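Scroll down for the structure; my scribbles are underneath it.
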Number of protein chains: 2
Amino acid sequence: MKKREKILEVAAHLFASKGFKNTNIAEIARNTGAAEGTIFYHFKTKEELFLAILREFRGSIIRDFSDFEKSGHLGSGLGKAEHLISFYLSYSVSMEEKFLLLHRHDAYELSEVNPLFREELEAIYTCFVDVFDAVIAEGQRDGSISEEITPRKVAMILFALVDSVSRLNTYRLYDAESLFKELLMSCKRILRKSTR
Amino acid sequence: MKKREKILEVAAHLFASKGFKNTNIAEIARNTGAAEGTIFYHFKTKEELFLAILREFRGSIIRDFSDFEKSGHLGSGLGKAEHLISFYLSYSVSMEEKFLLLHRHDAYELSEVNPLFREELEAIYTCFVDVFDAVIAEGQRDGSISEEITPRKVAMILFALVDSVSRLNTYRLYDAESLFKELLMSCKRILRKSTR
DNA sequence: TAAAAAACTGACTGAGCACTCAGTTTATAA
DNA sequence: TTATAAACTGAGTGCTCAGTCAGTTTTTTA
């Protein structure tokens, strides 16, 4: 089962950097040290290989975020939300390659044809939004976060914002890391109670 | 010059819905009523056709946003900023196809190889961010917007947020239009002066 | 150790596709 | 009206590439 893992690793790297369509099986084979036939032995099609990569990524997300939750930040919901945002940003930097896989359009394209891709993508985004949702709901209960908007919607908005900045970073259109401090301030402003 | 425009129109539609790589010249020809040769008569390569589409889009953006600015919303910078956000959202809905062209990864991919694409993309994003920047700077001058963060950075953050929600909408992962009200509220919270 | 199963190989195939080119049609200028 | 240029045509070309298959090597099981 050594080659199978190597194939997943190499393909993930190439799909992320060159795109699904622009990566050919021969190249994956070359970088893996496996024959083309071996790739099709483990994965029926190129699409299925991509799907397997996404499934693995979802596994890591679930593992890493539940570890983060368990690492038990004391304090209010608001404090936890701030921690979460920082964690998400640093996570997206450390897992840049996998995030590129999400930020590219390839998977969305395939999800228009193959429902398994749609399921996988929705599942991944739901993972993220659920974590945000949980801390916001907690903050609303303990009174540290404004109750003006439902937890789900705030979670969507925060996630959209944070994800967008991490996307700017991966595209290198703008040095987004220089925005992190201001981003965190903006998130706090969204979350805090109105003083009026 | 009739066919040339028709080719641009059809190609934009196909690139937006199917992607650059997944659209072949034969299909563009079929939907245009032109021969394949005609396409290469007007555009040296498939890439150049794509670039021409982006250039046209940039032209519309400049035209439409300067019309918007001229339509002269009275009131404070904050009020103008709110108008601008609403305008951007409705614009991204009405120009959904062209926004898909930006939200797909195709153009970014090409920009790694072809500097003309990078220039074009940066120019488009700069257009948008500049408009945000201008109203925020005005709001800071007239005292309606917090001066805690520089106009450019607030502009980047607002744009990132608004663009991300419009992306959610085009991907149909979430009915983002139902978020518009809350999105506007969140933007106001980012902009308003701290009461502490 | 022999037999069966699993893992692996790489030359080959057939379909898809961007682009060419030699020629035809249409518009413009003289 | 004729000459010239611009617009247009579509069959043909050469290349790329996902997926196949008949066979070989390695691992597991009995």
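Peptide A:164-171 has a mean of 4 when you count, residue by residue, the C-beta atoms of other protein chains within 10 Å of its C-beta. Computed over region B:1-76, the quotient of the alpha carbon radius of gyration and 2.2 N^0.38 Å is 1.40.
Straight-line reach only, C-alpha to C-alpha below 12 angstrom: list the aspartates and glutamates that residue A:18 could link to, leaving out same-chain residues fewer than 8 apart. Straight-line reach from residue A:18, under 12 Å: A:27, A:97, A:106, B:106, B:109, B:112. Could you calculate the FRET efficiency of residue B:31 with residue A:74 from 1/(1 + (r/R0)^6), where r is the beta carbon distance between them and R0 is 41 Å, rounded to 0.05? Efficiency, rounded to the nearest 0.05: 0.10. Give the separation of the Cα centroids, region A:34-50 to region B:75-105, in Å. If we compute the Cα centre of each part, the gap is 42 Å.
Cross-link partners for residue B:3 among the aspartates and glutamates, with Cα-Cα distance under 14 Å and sequence neighbours closer than 8 places in the same chain left out: B:36. With all pairs of separate Cα atoms included, region A:107-196 yields a Kirkwood hydrodynamic radius of 14.8 Å. Need one value for B:135-143: mean number of C-beta atoms belonging to other chains within 10 Å of its residues' C-beta atoms. Whole-number average of other-chain Cβ neighbours for B:135-143 is 0. Among the chymotrypsin sites (Phe, Trp or Tyr not before Pro) within region B:1-98, not one is in coil by DSSP while having at most 14 neighbouring Cβ atoms inside 10 Å.
Roughly what % of Cα-Cα distances in region A:104-146 sit above 11 Å, to the whole percent? Of all Cα-Cα distances in region A:104-146, 68 percent exceed 11 Å.
Counted residue by residue at 0.36 nm each, then reduced by the alpha carbon distance between them, the extension gain from residue A:171 to residue A:9 reaches 56.2 nm. Based on the Kirkwood approach, the hydrodynamic radius assigned to region A:64-170 is 14.7 Å, with every pair of different Cα atoms included. Looking at the calculated P(r) for chain B, what percent of the C-alpha pair distances fall above 27 Å? Tail of P(r) above 27 Å: 37 percent of Cα pairs. Each residue, residue B:62 and residue A:126, gets one label point 7 Å from its Cα in the Cβ direction; the gap between the two is 4.6 nm.
State the percent of C-alpha pairs, over all pairs in region B:147-196, separated by a distance greater than 18 angstrom. Counting pairs separated by more than 18 Å, the tail of P(r) holds 38 percent. In this Cβ point-charge picture (+1 for Lys and Arg, -1 for Asp and Glu), region B:27-122 has a dipole of about 220 debye about its Cα centre. Pairs of Lys residues in region A:28-148 that lie 8 or more places apart, or on two chains, and have C-alpha atoms under 27 angstrom apart add up to 5. In terms of overall dimensions, the protein assembly as shown has a Cα radius of gyration and Dmax of 22.4, 68 angstrom. Dipole magnitude for the protein assembly as shown: about 100 debye, using +1 per Lys or Arg Cβ and -1 per Asp or Glu Cβ, origin at the Cα centre. For the peptide A:176-186, the mean number of other protein chain Cβ atoms found within 10 angstrom of a residue's Cβ is 4.
Taken together, the values in this text are just the output of simple stated rules run on the coordinates, not laboratory data. Predicted, not measured: the structure shown is a model, and the values here were computed from it. Using ideal geometry, Cβ is built from the backbone for each residue, glycine included, and neighbour counts are taken over all protein chains shown.
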